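The values are calculated or read from the model by the stated rules, or taken from the named source; none is laboratory data. Given the structure is predicted, the values throughout are model-derived calculations rather than measurements. All Cβ positions, glycine included, derive from the backbone under ideal geometry; neighbour counts span all protein chains shown.
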Amino acid sequence: MTRFGIGYDVHKLATGRKLILGGVEIEHEFGLEAHSDGDVLIHAIIDAMLGAAALNDIGTHFPMTPEFKDISSVELLKRTLKLVTEKNYRVGNIDSIVVAQRPKLAPYVMKIRERLAEILQVDIDSISVKAKTEEGLGFTGTEQGISAYAVAGLEK
């Protein structure tokens, strides 16, 4: 049996923070404002995985409490993987989109896929990461923030 979940996340760009996407540090003058490290891609993947397993959402498991202040989203993804494996699911595939006007993400896509595959303990061919711009439109197009969408397929 395969179950699917969808995830979405968005954070504002801010000075004085590192830009982390998919567990990879991206060279950019801005990072993402958030309670954790602000990795919108991993947050979207977490919500997709939790949705597929009917385990609520990221805020339910990792609330904005001191315990999770500035935590690495990689750690949150590892904990999410544990939650879904405890329900006897394994990751079949992840399909995702990062929406950012800048920086250009194409040079980082393979490294992000490799990192996510390592964390989720799957083959790299099970991880898809696409980068899109907004053609200058909306909050991402005007470089106010970055968003991400993800679909997770979990198999029993």
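Some notes on this structure:
- Qualifying residue in segment 55-69 (condition: crowded, with 21+ Cβ neighbours inside 10 Å, hydroxyl-bearing (Ser, Thr, Tyr), touching a helix residue (DSSP H, G or I) at 6+ places or on another chain (Cβ under 9 Å) and modelled with pLDDT of 95 or more): no
- Among the residues of segment 127-147, those that are out of contact with any Gly (no Cβ under 8 Å at 6 or more places or on another chain) and within 18 Å of Glu114 (Cα to Cα) comprise Ile127, Ser128, Lys130, Ala131.
- Here Thr85 fulfils each of the conditions (1) of a type in the set (S, T, N, Q); (2) closer than 21 Å to Glu27 by Cβ; (3) free of Cβ contacts under 8 Å to residues at least 24 places away in the same chain apart from (2).
- Selection within segment 67-91 - more than 13 Å from the chain's Cα centre (by Cα) and of a type in the set (Val, Ile, Thr): Ile71, Val84, Thr85, Val91
Here is a yes/no grid of residues against (1) over 14 Å from His43 (Cα atoms); (2) among the polar types (S, T, N, Q); (3) at pLDDT 95 or above:
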site	(1), (2), (3)
Thr80	no, yes, yes
Leu83	yes, no, yes
Lys87	yes, no, yes
Gly92	yes, no, yes
Val99	no, no, yes
Tyr108	yes, no, yes
Lys111	yes, no, yes
Ala131	yes, no, yes
Gly145	yes, no, yes
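- The set of residues in segment 112-156 that are in a loop (DSSP other than H, G, I, E, B) and free of Cβ contacts under 8 Å to residues at least 60 places away in the same chain comprises Gln121, Val122, Asp123, Thr133, Glu134, Glu135, Gly136, Leu137, Thr142.
- Applying the set (1) free of Cβ contacts under 8 Å to residues at least 40 places away in the same chain; (2) over 30 Å from Lys156 (Cβ atoms); (3) out of contact with any Asp or Glu (no Cβ under 6 Å at 6 or more places or on another chain) to His61 leaves exactly one unmet item: (2).
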